[in-house]
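Reviewing the structure listed below.
Here, each number is a calculation from the coordinates, and none is a lab measurement. Bear in mind that the values here come from a model prediction, so they are computed numbers and not experimental data. Glycine also receives a Cβ, built like all others from the backbone with ideal geometry; neighbour counts cover every protein chain displayed.
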Amino acid sequence: MAMYLCKSSPLFPYKSHFSFSLSLLYSSSSTEKKVKTDLTVYDFLLHKHQFSPETASQVASVLNRIKNPEKSDSILSFLKESGFSKSQLEKVVKTKPGLLAASLENTIMPKFKIFQDLGFSAEDVAEIISSDPANLHRSADSRVRPSLSVLKRLLGSSAEVTKVLKISGWYLKKDLEKIMVPNIEFLKSCGVGMEQIIKKMYNFPRFLMCSPENMKIFVKMVDEMGTCRSSKLFIHAVRVVGSMSNENWELKLRHFRNLGFSEDDILKMFQKAPQVFSVSQRKMSKVVELLLATGKYDLSCIVNCPISLTCSVEKKIKPRMQVLGVLESKNLIGKWPRLSTITTIPDSKFVKKFVQPYLNEVGEIYMVKWEACVH
């Protein structure tokens, strides 16, 4: 036991894990009342460890019985002593009920030792594990330790590693040295900056977890579609292509064609705003239909401002067009602004230019909207 956690461990500021675990597992003189072997899973969690009735009931519905109450009790007590909050503890057991039958010494404690060695705080560990309890089942030496080491090398601190692992536990599921590191090196060789790559780790964690062979295929597709590697949009284009299967990609292209866009139009839009290709077909259709119905914009306007396809119809495009329609009907504007004005400028600027000077004309609803924007 002592080989795993030392008495001065920073992970456990309230009590020595070594002395706690030793007394918990081996001391016959412990004053802690032993859990009765005939307790149901529900009673064990509800009364012994103060789980909520809802969580206790949910776990009991998938776990028939507690085979070794003393072992389960030691695991839950260990996690509590390790700084897990009640909600975190319940989430761990609810997500992975099988942990109640795991080995504290051989399965759980080695993971905590790794986190401790790498400088993670008790709070960090509790957040990471409760975000993805499966981490406690993964191999300590072949998966958890090397993956954490790679992440810390790339991100620079335990705090940043914690942040990214809270977003996605995928980084502890695969061999990062064989998958993510080669992908990063390849993207760097294509001219992509490390800063952009790191951002993708936070925003699209699965992007860098594809096989290196597939990453090369995605880059080749983006090259063929004319996106320059020196462009800041290059990595966004690669990410979008990599997020879809070949079948879904073809369906997306077909939908663009069905909406009336030519092959050249599609290429231009991809080069200008590759994220547009991640928009659902339904939303895309609604935006195109609404813009064309105004009679003020045609497909060429959308091609020149493809980002408009990502805008919310109800929260942005429709309200702004209603304002412009009222202003035009009262001869307060000569012509409608460019599509980029409607779709890209922030609310505060739009209201300042098209709403604030005409509050009496556009109505109280827009005054309320303006007040929300400026405050």
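Overview of results
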item: For q = 0.15, 0.19 Å⁻¹, Debye-computed log10 I/I(0) when each Cα of segment 180-306 counts as one equal scatterer; result: -0.71, -1.04
item: Packing rank of 81-94, 139-152, where each peptide gets the mean count of other beta carbons within 10 Å, highest leading; result: 81-94, 139-152
item: Lys166 paired with Val313, simple spin-label distance in nm, labels 7 Å along Cα-to-beta-carbon; result: 3.6 nm
item: Extension reserve of the Leu359-Val181 stretch, reckoned as 0.36 nm per residue once the Cα distance is removed; result: 58.5 nm
item: For q = 0.20, 0.21 Å⁻¹, Debye-computed log10 I/I(0) when each Cα of segment 243-375 counts as one equal scatterer; result: -1.12, -1.20
item: Dipole magnitude of the chain, debye to nearest 20 (Cβ charges: Lys/Arg +1, Asp/Glu -1, about Cα centre); result: 260 debye
item: Estimated translational D of the chain in µm²/s (Stokes, Kirkwood radius over Cα pairs; 25 °C; 0.890 mPa s); result: 98 µm²/s
item: HN-Hα J in Hz across segment 237-252 - Karplus 6.51, -1.76, 1.60, θ = phi - 60°, x for Gly and Pro; result: 5, 4, 5, 5, 4, x, 7, 10, 6, 4, 5, 5, 5, 5, 5, 5
item: Volume of the Cα convex hull of segment 223-272, divided per residue and given in Å³; result: 70 Å³
item: For segment 75-153, alpha-carbon Rg and Dmax in angstrom; result: 11.7, 34
item: Angle in degrees between helix 53-62 and the longest Cα principal axis of the chain, rounded to the nearest 10; result: 80 degrees
item: Whole-Hz ³J(HN,Hα) from phi, Karplus 6.51 cos²θ - 1.76 cosθ + 1.60, for segment 111-126, glycine and proline x; result: 5, 5, 5, 5, 4, 4, 4, 8, x, 7, 7, 4, 5, 4, 4, 4
item: Cα-based reach from Lys48 at 22 Å (exclusive), listing lysines while leaving out same-chain residues under 8 positions away; result: Lys15, Lys33, Lys34, Lys36, Lys67, Lys71, Lys80, Lys86, Lys91, Lys94, Lys96
item: Chain lengthening between Leu292 and Cys210 when straightened (0.36 nm per residue, less Cα-Cα); result: 25.6 nm
